[in-house]
Amino acid sequence: MPKTPKKERSMALYETILQLRDLDECCRFFEDLCTANEQRTMEQRFDVALLLDEGRVYTEILEKTGASSATISRVNRVFTTGTGAFQEMIDRRREEAPEPS
């Protein structure tokens, strides 16, 4: 049985995300694009990534985010097998964060 050809990735979504002008517009766009559950899942995964980058342990991350150990493990695996984008964005956030007073 022949394999179904893999559909080429559409860049329209990613190009549109790059055009978002501010945090409010970004939040509203993702509220329209995603279900509430999809948004919470993505937010939780990124929160897990931030905490892993800080060196937090699984039990603390689970307590702070409510993420399952499987989710924490999956996000942790992305740091070693992913594209590096999580780490790049975390580093950029850190660089652009305002200095504490």
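The values are calculated or read from the model by the stated rules, or taken from the named source; none is laboratory data. Predicted, not measured: the structure shown is a model, and the values here were computed from it. All Cβ positions, glycine included, derive from the backbone under ideal geometry; neighbour counts span all protein chains shown. Just so you know, the surface numbers come from the protein's heavy atoms only, side chains and all, with ligands and any DNA or RNA stripped out. Shrake-Rupley method; radii C 1.70, N 1.55, O 1.52, S 1.80 Å.
Based on this model, can you work out whether L52 counts as part of a helix (DSSP H, G or I) and modelled with pLDDT of 95 or more? Spelling it out, L52 is indeed part of a helix (DSSP H, G or I) and modelled with pLDDT of 95 or more.
Inside region 11-34, can you point out the residues that are open to solvent by 70 Å² or more (accessible area, probe 1.4 Å) and outside any helix (DSSP H, G or I)? Scanning region 11-34 gives M11, Q19, R21, D22.
Pairing each residue of region 71-84 that is closer than 18 Å to T41 by Cα and free of Cβ contacts under 8 Å to residues at least 40 places away in the same chain with any residue that is charged (D, E, K, R) and surrounded by 13 or more Cβ atoms within 10 Å (Cβ to Cβ), provided the two are 6+ apart or on different chains, yields C-beta distances under 7 Å for T71/R45; V75/R45. Determine whether region 78-92 contains at least one residue that is open to solvent by less than 100 Å² (accessible area, probe 1.4 Å) and of a type in the set (S, T, N, Q). For region 78-92, residues open to solvent by less than 100 Å² (accessible area, probe 1.4 Å) and of a type in the set (S, T, N, Q): present.
Please verify whether region 68-82 includes one or more residues that are closer than 23 Å to A12 by Cα and in a helix (DSSP H, G or I). No, the conditions are met nowhere in region 68-82. Once region 39-69 is narrowed to residues that are surrounded by fewer than 15 Cβ atoms within 10 Å (Cβ to Cβ) and small (G, A, S), the residue that is farthest from R28 (Cα to Cα) is G55.
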